[in-house]
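For reference, the structure discussed in these notes is given below.
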Amino acid sequence: MSDSPADLLRPLRRTRQFREFTAEPVDRASLDAIADVGRWSGSSQNTQPWRFIVIADSSVLRQLAPIGMPSTRSLQTATAAIAIVMPDAQGKQVSYAFDEGRAAERMLIAAEMIDLGAGIAWIRSDIRAAVGEIFGLPADRFIRTIVVLGHPTEAARRPKSAAGGARLPREETVFEERWPKG
C-alpha cells in the first residue's frame, strides 16, 4: 500500500454498518476503549452533552430488540452495545444531535479499527420513554442512538453491493467550486 492520502484513508471508507453478530462476546477492554473514543469525541463548545451506558448483558439487549423494529433488529444478535444518552435541552437539539452523531460515528470507526463490527440501532421518539425506563433515565435525558457491537457473522461481512456499486459515482456527488449547471 502506498502512502497516498486515498490509501491512508481507505479504512474510513471501509467502515460500515453491521447488523448480524456471532455469539462471541466483546471483551471488556474493547468496550471500555470504544466508550472512551465516544467520550473523547469533539462537541460544540466542548459541552460534552452525551453520557454513555455500556451494555454487556445480552438479556437487556434482547429486551430492547423488539421495541423498535426494524431499527433495533441488530440488538437481537449483538453481544454488547453503548447507548448514547442525551439531555433534552430546548434550543440545543440541533447542536446536540451533531455532537451525538460525531460520537456515534467515531465509535463505529473505533470498532472497525479493532476488528469488531458495529451498527446503529435508532430509537424512535415514540419508544424513547420505554427505553428510558429500561435504563432508569431521568425525565430530562433520552436515548436516540445505540451503537451495537459484536463480532459480525460471515454473512454480514459479505459485500451488500457489487464491486463499485456501493456508492454513486464521484462525478455525481463531488463538485468543484460550485453546484453544476443543469
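The single condition among (1) within 14 Å of residue 50 (Cα to Cα); (2) touching a helix residue (DSSP H, G or I) at 6+ places or on another chain (Cβ under 6 Å) that residue 93 does not meet is (2). Residue count for the range 35-57 satisfying the condition of being within 15 Å of residue 23 (Cα to Cα) and modelled with pLDDT under 95: 0.
Could you list, in sequence order, all residues of the range 26-51 that are surrounded by fewer than 17 Cβ atoms within 10 Å (Cβ to Cβ) and within 19 Å of residue 136 (Cβ to Cβ)? Residue satisfying the conditions is 51 alone.
Show the residue pairs meeting these rules: Cβ distance below 7 Å; 6+ apart or different chains; first residue within the range 170-182 and touching a residue at least 60 places away in the same chain (Cβ under 8 Å) and part of a loop (DSSP other than H, G, I, E, B); second residue surrounded by 10 or more Cβ atoms within 10 Å (Cβ to Cβ) and not hydroxyl-bearing (Ser, Thr, Tyr). Between residues of the range 170-182 that are touching a residue at least 60 places away in the same chain (Cβ under 8 Å) and part of a loop (DSSP other than H, G, I, E, B) and residues that are surrounded by 10 or more Cβ atoms within 10 Å (Cβ to Cβ) and not hydroxyl-bearing (Ser, Thr, Tyr), there is no close pair.
Restricting attention to the range 78-131, the residues being within 16 Å of residue 68 (Cβ to Cβ) and among the aromatic types (Phe, Trp, Tyr) number 1. Out of all the residues in the range 145-167, which are at pLDDT 90 or above and either touching a Cys at 6+ places or on another chain (Cβ under 6 Å) or loosely packed, with under 10 Cβ neighbours inside 10 Å (or both)? The answer is none; no residue qualifies. Checked against (1) assigned to a helix (DSSP H, G or I); (2) crowded, with 20+ Cβ neighbours inside 10 Å; (3) of a type outside the set (D, E, K, R), residue 127 meets all criteria but (2).
Considering each residue of the range 1-17, count those that are modelled with pLDDT of 90 or more and under 16 Å from residue 147 (Cβ atoms), and give that number. Before the answer, list the steps.
Filtering the range 1-17 down to residues modelled with pLDDT of 90 or more leaves 4-5.
Within this subset, residues satisfying the condition of being under 16 Å from residue 147 (Cβ atoms) are none.
Residues in the range 1-17 being modelled with pLDDT of 90 or more and under 16 Å from residue 147 (Cβ atoms): 0 in total.
Residue 142 satisfies every condition listed in (1) buried (at least 21 other Cβ atoms within 10 Å of the Cβ); (2) touching a strand residue (DSSP E or B) at 6+ places or on another chain (Cβ under 7 Å) except (1). Pairing each residue of the range 8-35 that is of a type in the set (D, E, K, R) with any residue that is exposed (fewer than 14 other Cβ atoms within 10 Å of the Cβ) and not in a loop (DSSP other than H, G, I, E, B), provided the two are 6+ apart or on different chains, yields C-beta distances under 9 Å for 13/6; 20/155. Taken over the range 66-117, the criterion of being touching a residue at least 60 places away in the same chain (Cβ under 8 Å), within 19 Å of residue 131 (Cβ to Cβ) and aliphatic (A, V, I, L, M) is satisfied by 67, 75, 78, 80, 81, 82, 83, 84, 103, 104, 107. When 137, 116 are checked against the criterion of being under 15 Å from residue 21 (Cα atoms) and surrounded by 14 or more Cβ atoms within 10 Å (Cβ to Cβ), a single residue qualifies: 116.
The values are calculated or read from the model by the stated rules, or taken from the named source; none is laboratory data. Because the structure is predicted, anything quoted here is derived from the model rather than measured. Positions of Cβ are backbone-derived with ideal geometry, glycine not excepted, and every protein chain shown enters the neighbour counts.
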